[in-house]
Amino acid sequence: MRLSFTKLEGIILLCVGFAGLLFIMHGSELGNEPSTLAKPKYKPVSLSSLSAVSAELKTLQWLPVCQENKSMESIEDFSKLPAHIQSFLLYRHCRSFPQILNSPNKCGGSAASKNVYLLLAIKSSPGNYERRAIIRQTWGEETSYEGAHVKRIFLSGTSTNEREDPHLRQLLQIESQIYGDILQWDFHDTFFNLTLKQFLFHVWLNEYCPGANFIFNGDDDVFVNTFNVISYLLSHEAEEHLFVGQLIANVGPIREAGSKYYVPVQVTASKSYPMYCGGGGILMSKYTALAIYNKSQDIQLFPIDDVFLGMCLEKAGLVPASHMGMRTVGVHVPSAKLDSFNPCYYRELLMVHRFVPYQMLVMWKAIQDPHLDCGQKFSVYLGS
C-alpha cells in the first residue's frame, strides 16, 4: 500500500522544483537591471502558498494520502500475527488510492450509462493477461444479446513483485489503450486487498456508470454463459433488489492461522458472518449496487471481499439469494463415468468457477454448437 521510494523521490523533486521555479521568478524582480519591457508581477513564495501546492497535488493523487495507523501495534499479540494481517490492520482505514488507469467513457458517460444492460466487472491480477485475452474473445465480448448491451471492465491493483511491477504496468497500459477496459489502482493486488477492489469499483460505478441496469461481479477464472445470464435478467427486470449467487450462510471467521481465510479476533471478535454469496461470481441490480455503495462508506473494511458485501447488504436491510445456476465451487457430476467438462453440463448454467483459459474458449464454442445433443442425464440446471 506504500508508494515506492523511487516514486516518492520524484514527487519530492517535483515539489522542490516547483517551489524553486517560483523563487527564481520572484527573485528576478529584485534585480536592478533596466528594462524597457514591463515585468510580470509574481507574489513572494510563502509557506501558505507551498501548502496550497501540496494540497493541490494531493487532490491530483500525486502524493500519498494515507499513513500507517500505528495505534494498531498496541493491540494484544499484534506482533504475533502474520505479516499480511498486520499490514491489513495498519492500513485498514485507507480507502483512497491513486488511480493509475481509468476508463471514464466505458458506459458512454453518466447519463448514457442507462443504455448498458449488463456490466461485467471482472477482478484480475496484473499478470493474468491470457485470462483477460480469452474473456474478451468469449463470454466477456462487448456486444448485444437480444438487444441487451453488454460492457466489460477489469479491476486490478499492482504486482507485489517489485521487479515485474513496472513491466506489468506497461502491459496494462497497452491493454487499456487497445481495449479501454482496465481499472487499476495503486495498491498491491493481494487476497486481502480484494475488498479494496470491490469498494473502489463501487465508487467508480457510482461516478461513471450509475445507470447500468445489472452488474456481474466475478473472478477472471470463471466461465459465464452470457446467453443464459441475459435471459435470466430479462425475466427478472421487475425486481428492484437483485443479488444472486451461491449463497453461504451460518458460517463465521476461520481462526486457524494456516488458512487462506484466517481472520483472527484482532480483526473481528464476531463469531458469525452475515449471509453472503461466494465472490467468484455474483449478479446484482443497479438498485442493490447503489445500496452497497452507500452503506460501504460507513462500514469498516473487512479482509474477505464477499463477506464485506454481505455486511453492506445486511446494513441496507437487504438479503442475498441463492441461484443453483451459479457454481462457485465447480460442477459435480453424478457419476465418475461422466466427463465433468462435457458442455451439456454448462449449457444450462449461468456461471461456473475454476476454468483455465483454453477451457473457456473450448466451452464457449461448444455450448453454441447447434448439433450438441444433451440427454436427460445432463440436466443440472435447477431454475431460479
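Yes or no: Q61 modelled with pLDDT under 95, over 18 Å from H202 (Cα atoms) and in contact with a strand residue (DSSP E or B) (Cβ under 9 Å, 6 or more places away or on another chain)? Yes.
On inspection, E76 passes the criterion of being assigned to a loop (DSSP other than H, G, I, E, B) and among the acidic types (D, E).
When the helices (runs of 4 or more DSSP H) confined to the stretch 285-370 are screened for residues that are modelled with pLDDT of 95 or more and in the same structural domain as V263 (by TED's automatic domain parsing), those reaching at least 1 such residues are found at 286-296, 305-315. Per the conditions (1) touching an Asp or Glu at 6+ places or on another chain (Cβ under 8 Å); (2) assigned to a loop (DSSP other than H, G, I, E, B), the sole criterion not satisfied by I230 is (2).
For T138, indicate whether it is in contact with a strand residue (DSSP E or B) (Cβ under 6 Å, 6 or more places away or on another chain) and either farther than 30 Å from I230 by Cα or not assigned by TED's automatic domain parsing to the domain that holds Q86 (or both). No, not satisfied. For the stretch 164-204, residues that are of a type in the set (D, E) and within 16 Å of F88 (Cα to Cα) total 2. When the residues of the stretch 64-111 are filtered to those that are of a type in the set (V, I, T) and out of contact with any Pro (no Cβ under 7 Å at 6 or more places or on another chain), the one that is farthest from P126 (Cα to Cα) is I75.
The rows are residues; the columns are (1) out of contact with any helix residue (DSSP H, G or I) (no Cβ under 9 Å at 6 or more places or on another chain); (2) touching a residue at least 60 places away in the same chain (Cβ under 8 Å).
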{"position": "V244", "(1), (2)": "no, yes"}
{"position": "E256", "(1), (2)": "yes, no"}
{"position": "M275", "(1), (2)": "no, no"}
{"position": "M284", "(1), (2)": "no, yes"}
{"position": "L290", "(1), (2)": "no, yes"}
{"position": "I304", "(1), (2)": "no, yes"}
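For the stretch 145-166, the set of residues classified as surrounded by fewer than 17 Cβ atoms within 10 Å (Cβ to Cβ) and either among the small types (G, A, S) or in contact with a Cys (Cβ under 7 Å, 6 or more places away or on another chain) (or both) consists of G147 only.
Per the listing V224, V265, the residue uniquely closer than 19 Å to S322 by Cβ and β-branched (V, I, T) is V224. Restricted to the stretch 117-144, and to residues that are under 21 Å from L205 (Cβ atoms) and charged (D, E, K, R), which residue is surrounded by the most Cβ atoms within 10 Å (Cβ to Cβ)? Ranking the qualifying residues of the stretch 117-144, first place goes to R132.
Of the residues T158, T138, the single one that is under 19 Å from D220 (Cβ atoms), under 19 Å from the mean Cα position of the chain (by Cα) and not small (G, A, S) is T158. The C-beta contact set for the stretch 339-365 (first residue farther than 16 Å from E141 by Cα, second residue buried (at least 19 other Cβ atoms within 10 Å of the Cβ) and hydroxyl-bearing (S, T, Y), distance under 6 angstrom, 6+ apart or interchain) comprises H353/T328.
The values are calculated or read from the model by the stated rules, or taken from the named source; none is laboratory data. Model, not experiment: these values are computed from the prediction. Note that each Cβ is placed from the backbone with ideal geometry, even for glycine, and that neighbours are counted across all protein chains shown.
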